[in-house]
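Below: one structure, written as structure tokens.
Taken together, the values in this text are just the output of simple stated rules run on the coordinates, not laboratory data. Quantities reported herein were computed from a predicted structural model and do not represent experimental measurements. Because the Cβ atoms are built from the backbone with ideal geometry, glycine has one as well, and the counts that use them run over all protein chains shown.
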């Protein structure tokens, strides 16, 4: 218990919590989008399952931290390129995220989502089991990546476990607000889906060559691009709210002779 009362322990606790929340943004966005396909009465249960399974997966990974560190070593080689367990998880998760996000964009643009929502009495008509399966799969991928990133941030596994629990509670509390906001504003939903497409590409690149992805700082570029896009759209929303009618540009007119 004394290890939690030192200044070093408090810093070691705060840093992983902040990192888990920041790295969990893409996870929360994915969860928010797929949960909107559930009936309203099932969404709270789905969020609770996501929270507890997320905590469980992360705790198990932390308890197996020694094996996870060894998971970066190649299991087999193809064409002179070695693939580790981490690489396979990143590649599989990235491909799944690309496929799932592309399907969500298709449903949104082709009108199938609206038709499905109209058929349901309240919310979507998707079944709880498949949605939970998708959430657990993607959450495992993101958890594996964040745990590897956080290996050197805390000196004690119990501190990391407490940090994970706090971070999951924070994400659980904010998930409904993010979900409602994205569902209410279609532009933000398309931006969020675009963000997930880029995250899927980053995961694939990391699975193919983690060193190259780290050297190129791909995640930094993706997060900056999406943060900038969201800021621009927030400004657009504020302008539309304050403007009673669309702005008309003054353009020169050429008379026909």
(message) 7 Å from Cα along Cα→Cβ at both residue 59 and residue 128: what's the point-to-point distance in nm?
(response) 2.2 nm
(request) For a footprinting-style exposure proxy, rank 215, 139 by other Cβ within 10 Å, fewest first. (result) 215, 139
(request) Quote the FRET efficiency, to the nearest 0.05, computed for residue 237 versus residue 102 with a Förster distance R0 of 41 Å and r equal to the Cβ-Cβ distance. (result) 0.95
(message) Sort 143, 32, 179 by Cβ crowding within 10 Å, fewest neighbours at the top.
(response) 179, 32, 143
(request) Output the peptides 164-170, 75-81, 196-202 sorted from most to least packed, where packing is the average of other Cβ atoms within 10 Å over each peptide's residues. (result) 196-202, 164-170, 75-81
